[in-house]
Amino acid sequence: MTAPVPAERAAELREQLAYHGHRYYVLDDPVIGDDEYDTLLDELRAIEAEHPDLLTPDSPTQRVGGQPLDRLDKVRHLQPMLSLANARSEEELRAWVARMRNHLAREGIEASEFRYVAEPKIDGLAISLVYRDGVLERGATRGNGEIGEDVTHNLRTIPTIPLSIPDAPPLVEVRGEVYMSLPDFAALNERRAEQGLSTFMNPRNSAAGTIRQLDPKLAAERPLSMWCYGIGATEGISFSSHFEALQWLREHGFRVNADVKRLDSEEEVVRQCLAWQELRGGLDFEIDGVVVKVDEVELQRRLGVVGRDPRWAIAWKFPPTTTVTTLKGIEWNVGKFGDLHPFAVLEPVHVGGVTVKLATLHNEEDVARKDIRIGDQVIVLRAGDVIPQVLSPAPHAVEREDRSPVPLPPALCPSCGTPTVKPEGSVFTKCPNRGGCPGQQFQLLKHFASRGAMDIEGLGEERVLQLLRAELVRNAGDLYRLTAEQLTELEGFGEISAERLIAAIERSKDTPFGRVLFAIGIEGVGFVTGRSLAQQFGSIDALVAASPEQVAQTSGIGPIVAQLIHDQLAEPAMLELIADLRAQGLKFEAEGPPPGEGPLADTTFVLTGTLPDLTREEATERIVAAGGRVTSSVSRKTDYVVAGDSPGSKLEKAERLGVKVLDEPGLLALLEGAGQAQPS
Ligand code: IVH
């Protein structure tokens, strides 16, 4: 017998390995043992080592092996990745079906009943995979739906994602959810705890955190998987129904949930949603609802998309989950203005698929009103993505004779040890050490750098903490004195990342006055009031000189808050900070037209849902810069409703009242027409 030609043998091994990998990971039905698999893999590795020209990107030996990246590239999806509107009850689900029927009827389509597909709504992160000529070319996160981040290096390490597909069309974009199973999540956290590393909050966070790592070795060590649920752009194939597309995915090696059903009527849909709710507890991955989609692609096309939400699909969300556990203790966090916020330390407990150890208790009056005592059995609520909260003691807990005393806020600040005070009328006990308390410094800086405020990219919670610990900063003014050299001394900073952060800090100097007012941390000044104050007074000097009565003339500010703002603006430390920031070049004067002037004067907008690119603050800012007004509720006086993802009832109301609806491009076009394409 002659020795096999290396190229042929390599191709054969790749095919066998792909087959066995699929049996093992996707079908969960292996036909060979792990040892045999490894032997095949070793043989292929040996051939490729000897003949590097035979190495192909879709070789199973190439799942891990890439070099760490120094950043994630942005990539545009070939077809936008949509999101989903929510239904929170059976009524809302039925209302969705009725809306679709009406919509089609208005288009003259008689479709009293259509077919549906009901799928679990997996709680992970959405991913899009591009296969060209059958080879995985690129995989990206959803991002804003149009542009995501290229995370191919990490996706390649996921064994349920095929590196190549057989009988492939020239192009197919495959969509699905990457997630971590509950047992894998538990094991990972256990390992991390043993190594003294921080643990992940829930499987979703750990999957998302892993996918965005720069070094693929990390992803390879963390067990991720993917369920596929859809197809984006294609060339050379098309489907007339969603169910058919899922079938195609399954046949081409992708993992599609076997319990996904095609359903013939609204009644079956409702029944299936309730059935998934029952199944939920027994699954080894987290689902937070059921996605119902219209099956016929032609009907999908006719129904179309509002903002980012297709009319032809909906997410039916499970009701929130509660459980009972023991309250081990109450601890206190210091807020931006010294408020002490209580939180519960719990006996770890599973709720809705995640382990909960901490929960919010809101404020001390809430604790007193609910009569929660340390040692009690308490009811814990976890709803969707929100922070778990303690609702009340369990009914039997309050009957016990030996309950501990009513918990009181600490007499000394847990961060700096200063004796605490309870201002009259406040629901919070406070640390009065403004400026000197590290807890407050941390919160203030974190807020200053945050997205809605100065939006300093790369200056998140961890970095702020690091800068404070290294004693490089104490307040916002210090940020502008940082140098790249100082940063490179710190762990986790290289030259590039240091330069990048300094540049981001420098860029923040362009932040408009209204946002600077919000960012510097004046109690009572939120994002909206910051903007109103900037418009009303035009400059910091005018604002500082204003009497409380004058401050109270500002829209949205009452006499009590006006007094509070006025008093803070008289504090020497605040004036010093303002002078410092002003000397550094931050904006303390308003730009743009005063109210009632500008191309969009007297035009009223309401924003609803999430816009693809602009944050709500950015959109507001641009409208205001053109002289327009943004209000929160839709009425006949509203000129435009700007609708993004998950727009909800405001959009419905706009449609009912006949108010004009814009999407983000529509808004940008309008602003451009008004000479305001770019923020000033
Ligand atoms: S379809 C119609 N199907 O839910 C196009 N999404 O709330 C929208 N998700 O971004 C996606 N399971 O991350 C679809 N079976 C499923 C899903 C699913 C989970 C996620 C996905 C999406 C989000 C929208």
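Bear in mind these aren't lab numbers, they're just calculated from the coordinates by the rules spelled out. The shown structure was predicted, so the numbers you read here are calculated from the model rather than taken from an experiment. Every residue, glycine as well, gets a Cβ built from its backbone with ideal geometry; the counts of neighbours run over all protein chains shown.
When the dipole is taken about the Cα centre of the chain, and only Lys, Arg (+1) and Asp, Glu (-1) are charged at their Cβ, what size is it in debye, to the nearest 20? Spell out each step's value before the answer.
On the way: 72 positive and 102 negative charges, 388 e Å.
That gives the chain a dipole magnitude of about 1860 debye.
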P(r), alpha carbons of region 446-599 - 10 Å bins starting at zero, rounded %: 11, 39, 30, 15, 5, 0
Signed unit charges on C-beta, dipole axis of the chain, positive-most listed residue T355, V661, P162: V661
Helix 34-50 axis, angle to the chain major axis (alpha carbon atoms, nearest 10°): 90
D133 versus R262: modelled label distance in nm, points set 7 Å from Cα along the beta carbon direction: 3.4
For region 387-400, Karplus couplings with θ = phi - 60° (6.51, -1.76, 1.60), whole Hz, Gly/Pro x: 5, x, 10, 8, 7, 5, x, 5, x, 6, 5, 6, 7, 5
Additional length obtainable on full extension of the chain from E347 to S633, 0.36 nm per residue less Cα span: 98.7 nm
5 angstrom amide H check on G628, placed H, neighbours 5+ away: L600
Under 30 Å from K74, Cα to Cα: lysines that are on another chain or at least 8 residues apart: K121, K217, K293, K446, K509
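Rounded to the nearest 500 deg cm²/dmol, what is the calculated helix-only ellipticity per residue at 222 nm for the chain, with -39500 (n - 2.57) per DSSP H run of length n ≥ 4? List each step's numbers first, then the result.
Values: 25 runs with 242 residues, N = 680.
Estimated from H runs of four or more residues: -10500 deg cm²/dmol.
With r defined as the distance between the Cβ atoms of I237 and Q195 and R0 fixed at 51 Å, what FRET efficiency is calculated, to the nearest 0.05?
Numbers: r = 47 Å, r/R0 = 0.91.
With a Förster radius of 51 Å, E is 0.65.
Just how large is the dipole of region 417-523 about the Cα centre, in debye to the nearest 20, putting +1 at every Lys and Arg Cβ and -1 at every Asp and Glu Cβ?
Details: 13 positive and 15 negative charges, 101 e Å.
So the magnitude is around 480 debye.
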5 angstrom amide H check on D339, placed H, neighbours 5+ away: C431
Proximal lysines relative to K650, as straight alpha-carbon distance under 16 Å, when same-chain residues fewer than 8 apart are discounted: K637, K660
For the chain, cysteines whose Cβ has no other cysteine Cβ within reach (under 4.7 Å): C228, C273
Coordinate range along principal axes, alpha carbons of the chain, Å, largest first: 96, 63, 61
Rounded to whole Hz, the Karplus (6.51, -1.76, 1.60) HN-Hα couplings of region 549-555, x for glycine and proline: 5, 5, 4, 5, 6, 6, 5
Helix axis angle, 182-194 relative to the chain longest principal axis, alpha carbon, degrees: 60
In Hz, Karplus ³J(HN,Hα) per residue of region 572-587 (6.51, -1.76, 1.60; θ = phi - 60°; x = Gly, Pro): x, 5, 5, 5, 5, 4, 4, 4, 4, 5, 5, 5, 7, x, 6, 8
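What size of dipole, in debye to the nearest 20, comes out for region 549-680 about its Cα centre when the only charges are +1 on Lys and Arg C-beta atoms and -1 on Asp and Glu C-beta atoms?
Around 580 debye, computed over region 549-680.
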Among G232, A570, V306 - extreme Cα towards positive end, dipole of the chain, charges at beta-carbon: A570
